[in-house]
Amino acid sequence: MNTAELVKQMIRWVYMLSPYFWVDNYYKQREFAYEPESTDWQALRNKRLFLSEFYIVGWLGLSVILFAMTLFLELYDWMVFLILLRIFGILNKELGVILFGICKITEGSMVSATGRVIVLAMVNFLTAMFLFASVYQIKGMFEDVPAYFLGEYPVAGLVNAVNLQFTMGGAFTPADTFTWMVSTSQGIFCFTFGTIVISLFVSLLNVKPLRD
């Protein structure tokens, strides 16, 4: 059994759960009707690139709005599952890009790392942070939260998410199993995502031998 191929297929299957996959695939199929690099072909490719950026940046805006809603509303617990599914989708897509060159506009075995790719990866990183913050706000429980984070607008979930996202250490002690599992998952996400971004940076380097 080829383990790498199995992992690749699993990443593809998870990616297919995203509505963006089906929209992008529609335009991808339309590209085959034109000669590569022709005017019509390039117009479709530009539309795919725009939709990719719109989807990624749109999720960042949506994640911020979702967190803001947790400050004023009691959101349903079932929303936590959908939020965690989106976080897993972000990680799945980035793994597909860095490991196999899939789940992106121009598929190939090599990662075509550019400034655009890294910027969008960092947007996904921030999106995941706000999504984790929303999960903590909706269902998380902590033991040692200072009173100034529990005022009229409690932000303990955001503080814990920011701490974990940038230091891989939680700001507060989880008070139940669910919060501990989510905190641990966020640590795993940050470690994996950090490895991905470092790999992207390294692929951008143009290392040349020194001349004598």
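The values are calculated or read from the model by the stated rules, or taken from the named source; none is laboratory data. Not measured: the values here are computed from a predicted model. With ideal geometry, Cβ positions are generated from the backbone for all residues, glycine too; neighbour counts draw on all protein chains shown. In case anyone asks, the SASA skips ligands and DNA or RNA and just uses the protein heavy atoms, side chains included. Shrake-Rupley method; radii C 1.70, N 1.55, O 1.52, S 1.80 Å.
Rolling a 1.4 Å probe over the protein heavy atoms of the range 1-71, with every protein chain left in place, gives an accessible area that is 67 percent carbon and sulfur.
Evaluating 6.51 cos²θ - 1.76 cosθ + 1.60 at θ = phi - 60° for every residue in the range 5-13, the Karplus couplings come out as 5, 5, 4, 4, 5, 5, 4, 4, 5 Hz, glycine and proline recorded as x. Counting only alpha carbon atoms, the long axis of helix 177-204 and the longest principal axis of the chain meet at about 30°. Based on DSSP H segments of at least four residues, each scored -39500 (n - 2.57), the chain has a per-residue ellipticity at 222 nm of -24000 deg cm²/dmol. Amide H to amide H distances under 5 Å link residue 142 with 175, where only residues 5 or more positions off or on other chains count and H is placed in the peptide plane. Given R0 = 45 Å, the distance between the Cβ atoms of residue 184 and residue 33 translates into a calculated FRET efficiency of 0.40. The stretch between residue 26 and residue 106 holds 27.3 nm of extra length on full extension. This uses 0.36 nm per residue minus the Cα-Cα distance.
The modelled label-to-label distance between residue 173 and residue 46, using points 7 Å beyond Cα along the C-beta direction, is 5.9 nm.
Within the same chain, lysines fewer than 8 places from residue 139 are excluded, and of the rest, those with a Cα less than 27 Å from its Cα are 93. Dimensions of the chain along the principal axes, based on C-alpha atoms and rounded to the nearest Å, stand at 62, 51, 37, largest first. Rounded to the nearest 10 degrees, the inclination of helix 156-167 to the longest alpha-carbon principal axis of the chain is 50 degrees. Applying the Karplus relation 6.51 cos²θ - 1.76 cosθ + 1.60 with θ = phi - 60° to the range 132-142 yields 3J(HN,Hα) values of 4, 4, 5, 4, 4, 5, 6, 9, x, 9, 10 Hz, where x marks Gly and Pro.
Pairs of alpha-carbon atoms within less than 8 angstrom and 6+ residues apart define the contacts here; what relative contact order does the range 1-138 have, in percent? About 33 percent, as a whole number. In the full protein context, the range 25-129 carries 57 Å² of accessible surface per residue, based on a 1.4 Å probe and ignoring ligands, DNA and RNA. Restricting the range 1-83 to GluC sites (Glu not before Pro) that sit in a DSSP loop and have at most 13 other Cβ atoms within 10 Å of their own Cβ leaves 37, 74. Here the gap between residue 144 and residue 68, fully extended at 0.36 nm per residue and compared with their Cα-Cα distance, gives a gain of 25.1 nm.
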